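Asks: The structure that follows is given in the form of C-alpha cells.
Please treat every number below as a calculation from the coordinates, not as lab data. Values in this document were obtained by computation on a predicted structure and should not be read as measured data. All Cβ positions, even for glycine, are placed from backbone atoms using ideal geometry, and neighbour counts span all protein chains on display.
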Amino acid sequence: MTSFVESSALRTAWHPVAESTDVDQPLAVTLLGERLALWRASDGEVVVAPDRCPHRQAPLSAGFIADGVLTCAYHGWSFGDAGRCVLVPSSGEGAPIPPAAHLATIRVEERYGLVWVCLCEPAGEIPCITQEDDPAFRRINSGMQRWAVSAPRMVDNFCDISHFPWVHVGTFGGAQSTRVPKLELSDLGDGWYGYAYEVDADNPDLASATTGTADAVVHRRMSTGFHLPFDVRSTISYDSGLDHVLLLCSTPVDDDVALFTFVVWRNDDHGTDAEEIIAFDRAIGAEDQRMLEQLDGTLPLGRIDLVSVQADRCSVEWRRRFAEMIEGRQAEALR
Ligand code: FES
Ligand SMILES: [Fe+2]
C-alpha cells in the first residue's frame, strides 16, 4: 500500500484534532496531510478552515483573536462567525467584501471535550460513549499528544491484549498470563465491535487512585472494541463496582505521524483529583508509544503481509474492515 491518508474514505470520517480548551487561541493542526486553522468565534462555535488566508495565503493560525474575530497577521483581514470576512483594512471600514474572501470552512463538532473534524460530507458518525450522558460518570480529558507512529499501528495495538504482559510489565501487565484465552468477536453495542475478556492486573502504587484499591493484584472484567476508522473503546469493570471506560483516539497527521488522545469516564465518587486518576493511564500509553515508535512505516494491510494468530483476531478484523474502507476494493485488500 502506498499512502493511506490519501484515501477519500478517510475524508468522510470524523477525526478528533484538538481538545475544546485548545482553541481559545488560533491553533494549527494537520489532518490527513492538510493543514488546518481552528479557533473559537464570538458565537461560541469552533471555526475550522484551511490554514491559508484567501488574500496571500499567510497561515491564519499565526493571526490573533479579539472578541472571537480572527485577524490575519499579514494585512489584517478579519474573519468572524462561520469564517465570514468582516474587514479588509486596506479597503476601509464598510467597504464591500469580495465574496471569495469568506473562508471555506470545514465541518466541525465538539463532543467529549474534543473537537472533531470531517473534511468532506460525513459518511460516518462520531463514536458513541453512553456514559457521557450518565450522571453517575465523570469525564476526564487527557490532552492531545503527538506520536511518531502511523495511526493504523496504534489501532492495531489498542485492539490487542497479548502485548500486555510484555509491553506493560512496568504498569499493570506483570500479573497477566501470557496465554490469551480464545477470543470471541461480537457486536458490543453502540457501534462498537470487539470482544470481552477477564484479566488479573498488577496494581502498583501509581494505580491505586485509578483502581480504588491498594490490593497488589486486581481482577478486571474488560471489553475492547473498535469503531472505524481509528477509535477504540476499552471498558474495565472492577469487582468493587467501579467502571472505567477509555476512549482511545488516533488521528493521522500523515502516514507516519498521529495525534493521540484518551478520554476516561468513571462512576467513582469524583473525590480524587482527575490528574491523579489518569496518571496510570498516561504511564500505560507511554509504554505503548515507546514500543510503537520503534516500528517503521505504516501497518501492512494485505492478508499475507503479517503473520497473525488467534490472539490477534480483533486486530485482524479491524485491519480487514479498515482495508475495505480505504481501498473500497475488497478483493485487493484480501489478496
Ligand atoms: S495574507 Fe492574510 S491579510 Fe493578506
Ligand atoms: Fe498497550
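Asks: Where Rh is the Kirkwood radius over the Cα pairs of the chain, the temperature 20 °C and the viscosity 1.002 mPa s, what D in µm²/s does Stokes-Einstein return? Walk me through the numbers before you get to the answer.
Replies: Details: Rh = 21.5 Å.
Value of D from the Cα-based Kirkwood radius: 100 µm²/s.
Asks: Under 8 Å for C-alpha pairs, at least 6 residues apart: give me the relative contact order for the stretch 1-47, rounded to a whole percent. Let's see the in-between values first.
Replies: Working: 37 pairs, mean separation 12.5, N = 47.
Once normalised by length, the contact order is 27 percent.
Asks: Provide, as a two-decimal number, the C-alpha radius of gyration of the stretch 103-157 over 2.2 N^0.38 Å, N being how many residues it has. Write out the running numbers ahead of the final one.
Replies: Details: Rg = 14.4 Å, N = 55, 2.2 N^0.38 = 10.1 Å.
Dividing the Cα Rg of the stretch 103-157 by 2.2 N^0.38 Å gives 1.43.
Asks: Something else about it: From zero up to wherever the largest Cα-Cα distance of the stretch 1-109 sits, split into 10 Å bins and tell me the percent of pairs in each.
Replies: Result, from short to long distances: 15, 46, 28, 10, 2, 0 percent.
Asks: May I pose another question? Compute the orientation-averaged projected area for the stretch 141-194 from the convex hull of its Cα atoms and round it to one decimal in nm².
Replies: On the way: hull surface 22.6 nm².
One quarter of the hull surface, i.e. the mean projection, equals 5.7 nm².
Asks: Same structure again: Mind listing the phi-derived Karplus ³J(HN,Hα) values for the stretch 54-65, rounded to whole Hz, using 6.51, -1.76 and 1.60 with θ = phi - 60°, and x for any glycine or proline?
Replies: My calculation for the stretch 54-65 gives x, 6, 10, 6, 5, x, 4, 5, 8, x, 9, 10 Hz in order.
Asks: Can you tell me how the stretch 21-80 classifies by the Cα gyration tensor, rounded, prolate or oblate, using a/c under 1.5 as the rounded cut?
Replies: Working: a/c = 1.95, a/b = 1.06, b/c = 1.84.
Here the stretch 21-80 falls in the oblate category.
Asks: I've got another one for you. Which FRET efficiency, nearest 0.05, do Arg56 and Ala148 yield, Cβ-Cβ r, R0 30 Å? Mind dumping the intermediate values first?
Replies: Numbers: r = 33 Å, r/R0 = 1.09.
The value I calculate is 0.40.
Asks: Quick one: dipole size for the stretch 141-199, taken about the Cα centre, charges +1 on Lys/Arg Cβ and -1 on Asp/Glu Cβ, in debye to the nearest 20.
Replies: Values: 4 positive and 6 negative charges, 61 e Å.
Magnitude of the dipole: close to 300 debye.
Asks: Considering all projection directions equally, how large on average is the shadow of the alpha-carbon convex hull of the stretch 47-183, in square nanometres? Could you put the intermediate results ahead of the total?
Replies: Working: hull surface 55.1 nm².
Its average projected convex-hull area is 13.8 nm².
Asks: Then there is this: What percent does the relative contact order of the chain come to when contacts are Cα pairs within less than 8 Å and at least six residues apart? Please list the in-between numbers first.
Replies: Values: 688 pairs, mean separation 59.0, N = 335.
Once divided by the residue count of the chain, the mean separation gives 18 percent.
Asks: Rank Pro165, Pro204, Pro181 by mean-square fluctuation in a GNM of the chain with C-alpha springs under 10 angstrom and give only the top-ranked residue.
Replies: Between Pro165, Pro204, Pro181, it is Pro181 that shows the largest mean-square fluctuation.
Asks: Kindly provide the helix-only [θ] at 222 nm of the chain, computed as the sum of -39,500 (n - 2.57) over DSSP H runs of four or more divided by all residues, to the nearest 500 deg cm²/dmol? Please list the in-between numbers first.
Replies: Numbers: 6 runs with 54 residues, N = 335.
Theoretical 222 nm ellipticity from helices: -4500 deg cm²/dmol.
Asks: Another question, then. What is the stretch 232-334 by shape, rounded, prolate or oblate, if you read a ≥ b ≥ c off the alpha carbon gyration tensor as root eigenvalues and call it rounded for a/c under 1.5, prolate for a/b larger than b/c, and oblate otherwise? Kindly include the intermediate steps, with their values, before the conclusion.
Replies: Numbers: a/c = 2.48, a/b = 1.93, b/c = 1.28.
Prolate, since a/c reaches 1.5 and a/b exceeds b/c.
Asks: Using the Karplus equation 6.51 cos²θ - 1.76 cosθ + 1.60 (θ = phi - 60°), what ³J(HN,Hα) coupling, rounded to whole Hz, does each residue of the stretch 239-244 give in order, writing x for Gly and Pro?
Replies: Here the 3J(HN,Hα) series is 4, 6, x, 6, 10, 10 Hz.
Asks: Now, a different point. FRET efficiency for Ser186 and Ala95, Cβ-Cβ distance as r, R0 = 45 Å, nearest 0.05?
Replies: On the way: r = 62 Å, r/R0 = 1.38.
Taking R0 as 45 Å, the efficiency between Ser186 and Ala95 is 0.10.
Asks: Can you tell me the 0 to 90 degree angle between the C-alpha axis of helix 274-292 and the longest principal axis of the chain, rounded to 10?
Replies: So the inclination is approximately 80 degrees.
Asks: Name the residues whose placed amide hydrogens come within less than 5 Å of the amide hydrogen of Tyr193, ignoring near sequence neighbours (fewer than 5 apart) on the same chain.
Replies: Leu188, Phe226
Asks: Can you tell me the Rg and Dmax of the stretch 194-272, counting just the alpha carbons, in angstroms?
Replies: Rg then Dmax for the stretch 194-272, in Å: 14.5, 43.
Asks: May I ask you to sort Phe158, Phe64, Phe79, Phe137 by Cβ crowding, counting other Cβ atoms within 10 Å and putting the fewest first?
Replies: Starting with the residue having the fewest Cβ neighbours, the order is Phe64, Phe137, Phe158, Phe79.
Asks: Compute the angle between helix 313-327 and the longest alpha-carbon principal axis of the chain, please, reported from 0 to 90 degrees and rounded to the nearest 10.
Replies: 30
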